[in-house]
1. Within 10 Å of each residue's Cβ, count the other Cβ atoms and sort S144, S106, S154, S197 from fewest upward.
2. Net charge around S106, counting only other residues with Cβ within less than 13 Å of its Cβ (Lys, Arg = +1; Asp, Glu = -1)?
3. Sticking with the crude label model, points 7 Å out along Cα→Cβ, report the distance from L66 to S106 in nm, one decimal please.
4. For D174, D229, D45, what ranking results if the residue with the fewest other Cβ atoms within 10 Å of its Cβ goes first?
5. Using a cut-off of 14 Å between beta-carbons, work out the net charge of the residues near P35 (Lys and Arg +1, Asp and Glu -1, P35 not included).
6. Which order do E97, E29, E215 fall in if you start with the one that has the fewest other Cβ atoms within 10 Å?
7. Subtract the Cα-Cα distance of T13 and F115 from 0.36 nm times their separation in residues, and report this length gain in nm to one decimal.
Amino acid sequence: MSSVVFEMETTDTLGPYKLNRIYVGDARELGKAIPDEGVDLVLTDPPYGIGFQYSHGYKDDPENYLDLVQWIVQEGNRVVKPGCLCFVFQAMPRLRETWPLFPEGSRIFAACKNFVQIRPVPVQFAWDPVVFWQKPGQYPKKASGRDWHVGNTSNTSNRGLNEAGFHSCPRPLDTIVYMVDNFCPPGGVVLDWFMGSGTTAVAAKITGRKFIGFEIDPQIAKLAQKRVDRAPLPLLAASSPEQLHLI
C-alpha cells in the first residue's frame with residue numbers, strides 16, 4: 001500500500017500513478033507498476049550499503065547492496081525510453097564492486113564539491129561518482145551537457161531551496177538541476193527511485209520537467225513535500241547557466 005504526500009496539479013499519468021507526486025513505500029514493490037519505456041530520465045541516489053546509520057532507521061545492509069544495484073540497473077533499463085539516460089550515484093569505497101554490475105559502455109559523471117569533509121585519508125574525496133549509461137536508441141534532444149559539475153556543498157542545509165538538513169545525506173541542488181536540465185528533454189519525466197529529501201523533484205519542478213518518485217520513510221517524505229512546495233514554477237526560474245568557474 002502507498003500514500004501520496006506531495007503533488008503538483010496535473011492530469012498526466014504514468015501507468016496507475018499520477019505524475020508530479022512522491023509516493024510513500026518501497027520502490028522495489030511500487031515500481032513494478034511503472035510501464036516499460038515510460039520515463040525520459042532515471043536519476044537516483046540509493047543508500048550505498050556502507051552501514052550508514054540513517055536518522056529514520058533504514059538498515060543500510062552491506063550484504064544486500066549488490067542485489068539492490070542489480071535491481072536498479074534492471075529496472076532502469078526497463079522503464080527508460082530508448083536513447084535516454086540513467087544516472088545512479090555511488091559511493092567511492094564500493095565502486096570497484098559495483099562497477100561490473102552496470103551495463104557495458106557505462107561512464108562516470110563526476111559530481112564535484114567545492115567544500116569537502118576532511119577525513120583521515122591522505123587524499124580527500126572531492127567528488128562523488130555517478131554511474132550513467134544510455135539505453136540503445138536515438139538521444140531525444142541536442143547534446144549539451146558535460147560529464148562533471150561542481151556543486152555548492154558548503155552549508156548544504158542552510159541555503160534556501162537547498163534546505164534539506166532533515167535528511168542524512170542530501171545532494172546539492174545546483175548539481176541536480178544541472179543534470180535534469182541537460183539530460184532530460186524539455187517537458188520530459190524524471191524518475192527517482194529513492195526520493196529522500198526531494199532534490200530531484202525540486203530540480204524537475206523548477207526546470208519544467210515532470211517527475212515521479214518513491215520514498216520509504218513517511219516523515220522524510222512529508223518534509224520533502226514542504227521543500228518542493230517552496231520551489232518556484234518554471235516561469236519564475238531562469239535556466240541553469242553554464243558553469244564558468246570552479247568555486
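1. Placing the least packed residue first, the sequence is S144, S154, S106, S197.
2. Here the count lands on 0.
3. 1.3 nm
4. Placing the least packed residue first, the sequence is D229, D174, D45.
5. So the surrounding residues net to -1.
6. E29, E97, E215
7. Full-extension gain reported as 32.8 nm.
Quick note: the coordinates plus some simple rules give every number you see, no bench work behind them. Nothing here was measured: the structure is a model prediction, and the numbers come from that model. Ideal geometry is used to build each Cβ from the backbone, glycine not excepted, and the neighbour counts take in all protein chains shown.
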